[in-house]
Amino acid sequence: MSTLIISLPLEAVSAQTEFDFVVTGDGVAATQSGRARAEALPSIDKPGDVCIATAPLRALSWHQVTLPEGVTPGSTRMRAVLEGLLEDKLLDDPRLLHFTLPPVFQPGMTQWVSVCDRRWLAMAVQGLETGKRPVSRVVPDWGPPAGPLRLHVTGTLEDPQLVVNGDSGIGMFPLAAEVPEGFGLTASVSAEPALAALASQILLRPVTPLSTAERLRRVIDSAWDMSKRLQMRNLADRGKLEWLRAPRWRHVRWAAIAVVGVNVLGLNALAWVGQQQLAVKQAAMQKMLTRSFPNVKTIVDVPVQMGREVRLLEQAHAAPAMADLDVMLSALNRALPAGDSLKSLDYTSGQLRLIGLELNANEARALSVGLTAHGYTATREGVNWLIQPTAAFPAPQVTLGRL
């Protein structure tokens, strides 16, 4: 597993921006380092490879806040609360800033929060993604503030800068030719190799050489991630879509594609089997129709044609059918409560409509039960009733006038 560490520049990122970078295979030794544009940075496309970006000290400001109980990291009130707490400490419009909470968030306790220009950070992250070097997280180059006190000299021989990191905060100051006597006696001091001798001369103490590559490697263990909840142009939610692009998720992507492919093939196979079974059943029904009724030459709708042929066969042999008027009247006569009368009735297409039949609840129940026993359904429509055979089949188109 390799880790690509990219140092973000202080200026706005463009297509021509070059980034300092370090590649380490074990987190200890640097296997490659240098400076290149985003698309020319070393490729990290093996499973488990990670890309981390670091934000420079001068791009961040650190503030101590005590968040009230009940405000969680995912709360919609979090940003409004932070803006209210830091209103008097921020030099820029809070709407233009990006806030980063500590990895372990504890409401009610005083903790450090980092603040940076939202547009600058979004452009830097998106610039790397455009160059096909998406970062998994962004960590501060220096921070958060914590003890013991540490001093680091960076910059150039003409303009050396002193980084001070301690419990009270983090800052960068010009390294003066003279420092107050006893300044930072208990602090650990490091410096860029080219500035080690100058730093030792000014600070009057031994200085540990610490190259930029070695310092960048130390951020691997940082749990901070400044890219969380970062709003970027043309990216609604980079975190949710990261697995679609990150090299370390390649096997997951292939597994997801394989699962989707297997499911699609399975659904197509099931659909094909269903179509074959339906075709077999339709062929069997057509064969039954032509065998039973050889006179049927053209097959359009087997159930309808079968019902019509059976009906014609019944009529030819004078066999009464459930939808015949006389059969329905006979069943009605047996089911209709004694003494009840109706105004008129209509018979159309195997449906008998009784008009003006007023029944109480018991009589209506008796009529419905009686007709059901003879194979008919009775549907009440106010003072009218619709009677038809329980089983649906073609009926002769006959209309009986009103009585």
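The values are calculated or read from the model by the stated rules, or taken from the named source; none is laboratory data. Source: prediction; values computed, not measured. Every residue, glycine as well, gets a Cβ built from its backbone with ideal geometry; the counts of neighbours run over all protein chains shown. These area figures cover heavy atoms from the full protein model, side chains too; ligands, DNA and RNA do not enter into them. Shrake-Rupley method; radii C 1.70, N 1.55, O 1.52, S 1.80 Å.
Can you compute the helix-only [θ] at 222 nm over the chain? Use -39500 (n - 2.57) per DSSP H run of at least 4 residues, normalise by all residues, nearest 500 deg cm²/dmol.
Numbers: 9 runs with 121 residues, N = 403.
Only helices count here, giving -9500 deg cm²/dmol.
Give me the percent of accessible area attributable to carbon and sulfur for the chain, probe 1.4 angstrom. Mind showing how you got there, number by number?
On the way: 13260 of 23120 Å².
Summing carbon and sulfur atoms, their accessible area is 57 percent of the total for the chain.
For the chain, the longest principal axis of the Cα atoms and the long axis of helix 361-373 meet at an angle of about 80 degrees.
For the chain, a crude dipole built from +1 on the beta carbon of Lys and Arg and -1 on the beta carbon of Asp and Glu, taken about the Cα centre, is about 1560 debye to the nearest 20. Here each label is just a point 7 Å from Cα along the line to Cβ, and for residue 296 and residue 360 those points are 5.0 nm apart.
Relative to the longest principal axis of the C-alpha atoms of the chain, give the angle of the C-alpha long axis of helix 118-130, reported between 0 and 90° and rounded to the nearest 10°. Taking the Cα atoms of the chain, the angle to 118-130 is about 70 degrees.
Note: relative contact order over the chain, using C-alpha pairs below 8 Å and six or more positions apart, is 12 percent.
Give the calculated FRET efficiency between residue 80 and residue 200 to the nearest 0.05, with a Förster radius of 51 Å applied to their Cβ-Cβ distance. Could you put the intermediate results ahead of the total?
Details: r = 49 Å, r/R0 = 0.95.
After rounding to 0.05, the efficiency reads 0.55.
Under the combined filter of DSSP loop state and at most 11 neighbouring Cβ atoms within 10 Å, segment 52-157 retains these trypsin sites (Lys or Arg not before Pro): 89. Which aspartates and glutamates have a Cα less than 19 Å from the Cα of residue 46, not counting those fewer than 8 places away in the same chain? Once the sequence-local aspartates and glutamates are set aside, what remains near residue 46 is 26, 129, 242.
Computed from the C-beta positions of residue 89 and residue 58 and an R0 of 22 Å, the FRET efficiency is 0.80 to the nearest 0.05.
Once C-alpha pairs closer than 8 Å and six or more residues apart are averaged by separation and normalised to the residue number of segment 1-142, the relative contact order reads 30 percent. Available extension along the chain between residue 346 and residue 330 is 4.2 nm, counting 0.36 nm per residue and deducting the alpha carbon span. Centroid-to-centroid, using Cα positions, segment 185-199 and segment 251-296 are 77 Å apart. At an R0 of 51 angstrom, the distance between the Cβ atoms of residue 159 and residue 259 translates into a FRET efficiency of 0.35. Extension gain, residue 176 to residue 267, is 25.3 nm, computed as 0.36 nm per intervening residue step minus the present C-alpha separation.
Figure the gain on full extension for residue 45 and residue 278 (residue separation times 0.36 nm, minus the Cα-Cα span) and round it to one decimal in nm. Mind showing how you got there, number by number?
Values: separation 233, 0.36 × 233 = 83.88 nm, distance 4.95 nm.
Working it through step by step, the gained length comes to 78.9 nm.
Compared with the dominant principal axis of the Cα atoms in the chain, helix 302-316 is inclined by about 10°. Spin-label model, residue 29/residue 117: points 7 Å from Cα along the beta carbon direction are separated by 4.0 nm.
Separation of segment 127-173 from segment 327-381 is 93 Å, based on Cα centroids.
Using a probe of 1.4 angstrom and keeping all protein chains present, the accessible surface of the chain works out to 57 square angstrom per residue. Each label was represented as a point 7 Å from its Cα along the Cα-to-Cβ direction; for residue 251 and residue 1 these points are 1.2 nm apart.
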